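Everything below concerns the one structure shown next.
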Amino acid sequence: MGDGPSPNAWEGRLHATAAEALYLHLPFCESKCAYCDFASWVTREGDPLMGAYARALGSQVRELKGAGLLSSCRTAYLGGGTPSLLGTDGLSDLVRAVASTTAAAELSVEANPESLAEGMAGALAEAGATRVSLGVQSLDDGELRLLGRAHDARTALRALGDAVSSGLDVSCDLMCAIPRQTSESWARSLRGVLGEGVGHVSVYPLAIEDGTAFGRAVDEGLMDEPEDGLAAELMEEAERILGEAGLSRYEVASYARPGRACAHNQAYWTGRPYLGLGCSASGMLAREGYLRLRDACCPQLPEPAPASARLRLRVLTGRRAIAEDPRLSSLSFEVEELDAGQAAAEDLMLGARMTRGLDPALVSHARLVLGGGRVQAALDDCVARGLLARDGGGRLAPTHRGWLLGNELYGTLWDLAGGEILTSRCQGRGAPKP
């Protein structure tokens, strides 16, 4: 039952000296959606803070390039928040800064329909973007109002049409298990975005998060938690409708036409090192890449423990402080340190999100660092519970049951990590500001 390939094919990812993906977080929104717990703040259109913050991120990208940390960068993603709230000129300038400092073959930009102004998609393409992801969520106006979205269905369809016409690869997000949503309205939303010619669709069940308007409504008994059974039915309906239109599921929530899968997101799920810039942005570097970042431009980062093989970073510095002082040495971070076994368990867990299944090189590497018996027992348990099965090529891949009961599958694999993850915080040279 051996998987064959040398573990070195995966172990090399723990010795990368640069990032393969770059994420920039733009934390500005026209309004706060009822379900959203992301790091974002309501910001008026034209607020000078947005331009100053975007220019600061551009400066940080250039600093990373100077340190050699973007030499292997294959993808970049501008997310939020609502990047399109920066306006055509401001967002195009930031895209141009990223495109000119990386060799990323895929450069994605998130946008919301109400702020994707006419001609913006074309301008982003000219600046160097290759892909735009639109937060549509629904094409039912009642559902959109309930979610607190700032657009209506007509605006969403217009934005999708403009984006497709620009020549960019176009993705959109849709949400299911919204209160009062029906299978009929869900099908209309799916077919409506497909009718505009999008090549990628991500579908997410509504999740109730603490601190959100929906979270408070549930706590006060004004709203029920979404039903797991209904969410599963709607996710299955999405798979059927999208599949009939030629989009295949390649990850638990993501569907794409051939050649249109999001390479940036796949980097997260396959153990590729990445860097995140902007308030609350996350990154993940191999030990050698982390030391390079520390030595070159972030001396405030702590010395890693001897056993640390992978380090996760989250920016703690606020948006105003970043705008006022963009130096990387001024940033404050939260740092989590994973040893080789914890990193392997994390990769197994994330790899199980992919329909293509677990990479044999990863399984071999995990056996080496976690113990063959432990790994085999966990995999056998997942197979016995119908969460994993071998595909035609011999890979262990999630079953239909494993897809619907993902938390059970991911939890079993993550439990292999064992031990506590070392966590610390470090203060940059800049004064802390919100």
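Rule-based calculations on the coordinates, nothing more; no lab input. These figures come from a predicted structure and were not determined experimentally. Virtual Cβ from ideal backbone geometry, glycine too; neighbours counted across all protein chains shown.
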| note | region 337-409 and region 137-203 have their Cα centres apart by a whole-number Å value of 33 Å
| query | Alpha carbon centre of region 263-321 versus region 15-57: separation in Å? | reply | 17 Å
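I need the calculated FRET efficiency for the pair E237 and R429, taking r as the beta carbon distance and R₀ as 45 Å, to the nearest 0.05. Intermediate results must be reported in sequence, preceding the final value.
Values: r = 53 Å, r/R0 = 1.17.
Approximately 0.30, to the nearest 0.05.
Got a sec? How would L168, L22 order by Cβ neighbour count within 10 Å, fewest to most? Don't skip to the answer; put the middle values down first.
On the way: L168 22, L22 29.
So the residues, fewest neighbours to most, are L168, L22.
Below 8 Å between Cα atoms, with a sequence gap of 6+, how large is the relative contact order for region 192-348 in percent? Numbers along the way, then the final one.
Working: 174 pairs, mean separation 26.8, N = 157.
Dividing the mean separation by the residue count of region 192-348 yields 17 percent.
With the cut-off at 1.5 for a/c, could you classify region 360-420 from its C-alpha gyration tensor as rounded, prolate or oblate?
Working: a/c = 2.14, a/b = 1.26, b/c = 1.70.
Oblate is the answer for region 360-420, as a/c is 1.5 or above yet b/c matches or exceeds a/b.
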| Which distance in nm do the two modelled labels at E324 and A123 give, with both placed 7 Å along the Cα-to-Cβ direction? | 2.9 nm
| When only C-alpha pairs under 8 Å and at least 6 residues apart count, what is the relative contact order of the chain, in percent? | 18 percent
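I need R13, R401, R240 ordered by Cβ neighbour count within 10 Å, fewest first.
Least to most surrounded, the residues fall as R240, R401, R13.
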| Can you tell which of S171, S40, S31 shows the greatest fluctuation in a Gaussian network model of the chain with Cα springs below 10 Å? | S31
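Pairs of Cα atoms under 8 Å, at least six residues apart: use those to get the relative contact order of region 19-267, whole percent. Please report the intermediate quantities before stating the final value.
Numbers: 462 pairs, mean separation 44.3, N = 249.
For region 19-267, the relative contact order is 18 percent.
Taking square-rooted eigenvalues a ≥ b ≥ c of the alpha carbon gyration tensor, is region 219-378 rounded, prolate or oblate, where a/c under 1.5 means rounded and, failing that, a/b exceeding b/c means prolate? Intermediate values should be presented prior to the final figure.
On the way: a/c = 1.94, a/b = 1.33, b/c = 1.45.
It comes out oblate by the Cα gyration axes.
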| query | Which percentage, to the nearest 5, of the DSSP beta bridges contained in the chain is antiparallel? | reply | 45 percent
| remark: For region 45-177, the Debye formula with one identical point scatterer on each Cα and no solvent gives log10 I(q)/I(0) at q = 0.14, 0.18, 0.20, 0.23 Å⁻¹ as -0.63, -0.96, -1.12, -1.34
| query | Once you charge only the Cβ atoms, +1 for Lys and Arg and -1 for Asp and Glu, what is the size of the charge dipole of region 19-267 about its Cα centre, to the nearest 20 debye? | reply | 960 debye
| note | Along the dipole axis of region 19-267 (charges at Cβ: +1 for Lys and Arg, -1 for Asp and Glu; origin at the Cα centre), the most positive-end residue among H25, A125, S84 is A125
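Per 0.36 nm of contour for each residue apart, how much would the distance between V42 and E209 grow if the chain were fully extended, relative to their Cα-Cα spacing? Before the final figure, lay out each step's value.
Numbers: separation 167, 0.36 × 167 = 60.12 nm, distance 1.84 nm.
Gain on extension, V42 to E209, equals 58.3 nm.
Placing +1 at every Lys and Arg Cβ and -1 at every Asp and Glu Cβ, with all other atoms neutral, what dipole size does the chain have around its Cα centre, in debye to the nearest 20?
Working: 42 positive and 56 negative charges, 260 e Å.
Computed charge dipole of the chain: roughly 1260 debye.
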| task | Treating only the Cβ atoms of Lys and Arg (+1) and Asp and Glu (-1) as charged, compute the dipole magnitude of region 292-378 about its Cα centre; round to the nearest 20 debye. | result | 260 debye
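How many percent of the alpha carbon pairs in the chain exceed a separation of 34 Å?
Working: 31090 of 93961 pairs.
Everything past 34 Å amounts to 33 percent.
Express the Stokes-Einstein translational diffusion coefficient of region 19-267 in µm² s⁻¹, to the nearest whole number, given a Kirkwood radius over alpha-carbon pairs, 25 °C and a viscosity of 0.890 mPa s. Don't skip to the answer; put the middle values down first.
Numbers: Rh = 18.6 Å.
Here the translational diffusion coefficient equals 132 µm²/s.
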| task | Name the residue farthest towards the positive end of the dipole of the chain from the options G142, M349, G221, assuming +1 on Cβ of Lys and Arg, -1 on Cβ of Asp and Glu, about the Cα centre. | result | M349
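Rg/Rh for region 291-353 to two decimals, with Rh computed the Kirkwood way over all alpha-carbon pairs. Working shown, then result.
On the way: Rg = 14.3 Å, Rh = 13.3 Å.
Radius of gyration over Kirkwood radius for region 291-353 works out to 1.08.
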| task | Name every cysteine in the chain that ends up alone, with no second cysteine's Cβ under 4.7 Å, or say none. | result | C29, C73, C172, C176, C262, C279, C297, C298, C382, C426
| remark: Note on region 248-304: alpha-carbon gyration tensor, axes a ≥ b ≥ c; rule is a/c under 1.5 for rounded, else prolate if a/b larger than b/c, else oblate; result prolate
| So what J values fall out for region 336-352 if you push phi through Karplus, 6.51 cos²θ - 1.76 cosθ + 1.60 with θ = phi - 60°, rounded to Hz, Gly and Pro as x? | 10, 10, 10, 7, 4, x, 5, 5, 5, 5, 4, 5, 4, 4, 6, x, 6
